[in-house]
Amino acid sequence: MKKYFLTLGSLLIAAAASATNPLVQTCFTTDPAPMVHNDTLYVYTGHDENKADFFWMQEWRVYSTTDMVNWTDHGSPLAIEDFSWGDDRAWAPQCIERNGKFYFYVPLHSKLTGAMAIGVAVGDSPTGPFKDAIGKPLADGSWDYIDPTVFIDDDGQAYLYWGNPTIYYVKLNEDMISFDGEVQKLVPDAEGFGQGKEVPMEPGKEYKSSYTEGPWFYKRNGKYYMVYAAGGIPEHIAYSMSDSPTGPWKYMGIIMPQKDESNSFTIHSGITDYKGKSYFFYHNGQLPGGGGFGRSICVEPFEYNADGTIPTILPTKEGAPAIATFNPYGRVEAETMAWSEGVTTEPNAETGVYLADIHNGDYTKLANVNFMSGGPKTVGASVASALRGGQIEVRMDSLDGPVVATIDVPGTGGWENWQYIEAPAQIEVPGVHDIYFLFKGRKGPKLFNIDYWTFK
């Protein structure tokens, strides 16, 4: 094995690798809803279809991380087809855990009323599978029954809010799939949710408040926060605070102003604390081919002001820095990555999610990978190709960095006919580095699929 020596400076630069927005490049993702469970941060999203001319959304997706830079794609654990009463518009979701079960609240179009409704699915794992918990809408109402947000207070009482441009809410029963009494209606006013003329929804027309849609409800240090899309079209993110979960609310101002470069006329947020740090999630339209109907989730770290208020948060391309190094040894799912170009992911009932649509010159990246002393002896991959295969160059720190190993991928007889191929490491890889998987082969055709990596 050849030895490859690095200066201390280059090691420090590699160790400081950070995330890049948008977080997911393999498809469009929308309306991020973060949830922390068992030391892992999960984000539940919607999914804009390619070349959409409206919010024609069919499924919800889940991603997870333990270091804020490398994200694992868990595919779609829930879709419109899982609700017998739904037929369209899989819009902004949120998931929450209670008593070992995971409750997934979603809006979708109801066959029963021809309007939007709120559904609830349940699963035994944060990544599903989920199934319709009650076989009917939890709340079947009107066109503005969208964007549910759920929270369990310290006393055990759960609350579900939703709505555009009115805010609806109910107190959920302990089973999280029912409620007693009537749906309550809160009409936002200027004192609670901002004066409409401050950021007019339409030129020359005043509104009672700036609240538009996409509420995100949570509690911190005894104060209740309602974060929401505001100002009409184009939207920005604002928030209100209260001493009670049902108000009265006080408008606190703008968190993320609208930026022309966002390339999206909507914005939707979620906030959570993870490993002692605070994170603000949102979406924009900055992926190639993106826009108002092709959106992508992003994240920014932030710190609350001393009085508990939220500072102005501006979008960046850097996003959140790494908060831990990545352990590469053992099986690493190929759909775990910090960045990618050209590839997509596909599901299989037996294999799970795998990396697909790989062409010459495409690549994926793992960030902040800690090889400790010496690095791997071998690098392997589970691959499949119905045609001629190709090569995987495993490179260190950049696309033109030193080659750690080269894996020759043969034709395996089918796109899901998996074969494990291993190659020896050509150099030592001490310490912390970014690792690039560069895919090569004949120009034009799809080359192969990848299920997982192994570094031994």
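It is to be established whether one or more residues within segment 399-413 are under 31 Å from the mean Cα position of the chain (by Cα) and of a type in the set (Ser, Thr, Tyr). Within segment 399-413 (the criterion being under 31 Å from the mean Cα position of the chain (by Cα) and of a type in the set (Ser, Thr, Tyr)), the answer is no, since none of the residues qualifies. There is at least one residue in segment 101-111 that is touching a Lys or Arg at 6+ places or on another chain (Cβ under 6 Å) and free of Cβ contacts under 8 Å to residues at least 40 places away in the same chain.
Among strands (runs of 3 or more DSSP E) lying entirely in segment 235-320, which contain 2 or more residues that are among the small types (Gly, Ala, Ser), in the same structural domain as GLY222 (by TED's automatic domain parsing) and over 27 Å from ASP67 (Cβ atoms)?
Passing ranges, in order: 236-242.
If I ask for residues that are outside any strand (DSSP E or B), without any contact (Cβ under 8 Å) to a residue 60 or more places away in the chain and among the β-branched types (Val, Ile, Thr), which ones from segment 113-144 would you list? Within segment 113-144, THR113, ILE134 meet the criteria.
Could we say that VAL106 is at pLDDT 95 or above, of a type in the set (Val, Ile, Thr) and in contact with an Asp or Glu (Cβ under 9 Å, 6 or more places away or on another chain) here? Here the answer is no, as VAL106 does not meet what is asked.
The values are calculated or read from the model by the stated rules, or taken from the named source; none is laboratory data. Since this is a predicted model, take the numbers as computed values, not measurements. As a convention, Cβ positions derive from the backbone with ideal geometry for all residues, glycine included, and neighbour counts pool all protein chains shown.
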